[in-house]
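Since every read-out is calculated from the coordinates, none of them should be taken as a lab result. It should be emphasised that the depicted structure is a prediction, and the values quoted were computed from it without experimental measurement. Methodologically, a virtual Cβ is constructed for each residue, glycine included, from the backbone with ideal geometry; neighbour enumeration extends over all protein chains shown.
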Amino acid sequence: MEQPALSVLINNYNYARFVGRAIDSVLSQDAHNVEIIVVDDGSTDQSRSVLAAYDSRVKVIFQENAGQAAAINTAVGSSMGEILCFLDADDWWAPSKLSATAAAFRANPQASLVYHRLQPTLVDGTPTSKPIPRSLCSGALSPLLTRSAGWWPFPMTSAIAVRRSAWNAAGSIPEQFRISADAWLVGIYPFLGDVIAMPDPLGFYRIHNNNWYRSTEDATTLRRRMTHWQQTVEATNLFLSAHQLPARLHLTDHYPYRIASAKLQGADARTRFKLAVEGLFFAGEPNLLRRTRDSLRSARGLSRLGLDVGLSEAAK
């Protein structure tokens, strides 16, 4: 039997209502020589019966709940393809996603990671807002990541594909990334090879209550993001040191982290002005117009009374 060129790796946890569409979108691809592996990470809903309906067309692995990183690691360990394509069970792909991804890797032998935009949708699949990320980054991105503490207009899991040789060099995703395992992929792989961005929205990102990001920001959400960013910087530096790579990340260069901190603590006029100026030179957003807009909007949105202070006052 011919070894598959592409492995599609789907991680599922309690997404019985969505995972069928994800799998169907892979079965409908115009690419050939594809294997599909679904790792169910201890679901307690009807996922098992949904997955059973796909019989031999899909390899299904059930494991106790251990988080997204562990599910992806299990899937990769059971796969054989030279290109690893990741898909969250609540998202789905356009029919040409895999053929376009394979072509991009063939045309760019130094690429470790290939990605595309995703079209955000409502829970029912209705498109909403513009494809993300808005800015695209290609080529050797490690200098950019070094100046921005690893932040860039990164793609999410369902838009990412990596070369197996790069996976072997990077090793498994640390299981501390129980959620947002894509932070490891987009943070580490640019140090192992080039990154190639495809401009078309070749996938669909479903927005619902279980997503990592929220439309509103409260103190708890901000602290959780800041902790995640800090841990990602620390994990990246451990990787760079272990692989004897000279780059190091510094959290002080992480502009979104600094903005989140100011939202919690509060910012006077001088601090707001300083952060606005810093944002104009933030390496993590390569598009000058977006960088200018985002820095001014972020600084203008800061309040003298931070969210933490507001919580303290409300508790009195």
How high is the relative contact order of the chain, given as a whole-number percent (alpha carbon pairs under 8 Å, six or more residues apart)?
-> 18
Using only helices, what value at 222 nm comes out for the chain when you add -39,500 (n - 2.57) per DSSP H run of length 4 or more and divide by the total residues, to the nearest 500 deg cm²/dmol?
-> -12000 deg cm²/dmol
Determine the gain in length on full extension of the stretch residue 252-residue 292; use 0.36 nm per residue of separation and subtract their C-alpha separation, reporting nm with one decimal.
-> 12.5 nm
State which helices in the chain qualify, where a helix is a whole DSSP H run, it must extend 30 Å or more along its own axis by its Cα atoms, and its mean Kyte-Doolittle hydropathy must be at least -1.0.
-> 219-242
Residues whose placed amide H lies under 5 Å from that of residue 202, excluding near-sequence neighbours = 117
State the label only: which of (1) 28, 45, 17, 9, 1; (2) 31, 57, 12, 0; (3) 37, 59, 4, 0 corresponds to P(r) over Cα pairs in 20 Å bins from 0, in percent computed from the shown model?
-> (2)
Among 126, 305, 204, whose Cα lies farthest out toward the positive end of the dipole of the chain, if unit charges sit on the beta carbon of Lys, Arg (+1) and Asp, Glu (-1)?
-> 305
